[in-house]
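The values are calculated or read from the model by the stated rules, or taken from the named source; none is laboratory data. As the structure is a prediction and not an experimental result, all values here were calculated from the model. When we count neighbours, we look across all protein chains shown, and the Cβ atoms used for this are built from the backbone with ideal geometry, even at glycine.
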Amino acid sequence: MANEKRTRKLKGIVVSDKMDKTIVVKVDRFSFHPKYGKRYAISRKYKAHDPKNEAKIGQTVEIAANRPLSKDKRWRLISIIK
């Protein structure tokens, strides 16, 4: 369990649950423009392993880094927040 504290965790919104045991999670982060100082959003999609197919579109979830499970899947579902 001590190793679990060091794993990278992200929160995002499920945008697709059409694949079996896989969800697509959109994670937003904010950055500042170097010259103008304006804050803007950067979003990225991650494929995460959902073994019980319990997450649905629109739910907020927490995912954690994992060993490679397939070509694109490097994350796993930890919990459903909303």
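The figures follow:
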read-out: Subset of segment 37-49 that is more than 11 Å from the chain's Cα centre (by Cα) and either surrounded by 15 or more Cβ atoms within 10 Å (Cβ to Cβ) or of a type in the set (A, V, I, L, M, F, W, C) (or both) - its residue that is farthest from Ile23 (Cα to Cα); value: Ala41
read-out: Which listed residue, of Lys5, Lys47, Lys26, Lys18, is part of a loop (DSSP other than H, G, I, E, B) and either without any contact (Cβ under 8 Å) to a residue 40 or more places away in the chain or in contact with a Ser or Thr (Cβ under 6 Å, 6 or more places away or on another chain) (or both); value: Lys18
read-out: Checking Val25 against (1) of a type in the set (A, V, I, L, M, F, W, C); (2) farther than 13 Å from Trp75 by Cβ; (3) surrounded by 10 or more Cβ atoms within 10 Å (Cβ to Cβ), the condition it does not meet; value: (2)
read-out: Test: residue in segment 60-70 that is under 13 Å from the mean Cα position of the chain (by Cα), at pLDDT below 95 and in a loop (DSSP other than H, G, I, E, B); value: yes
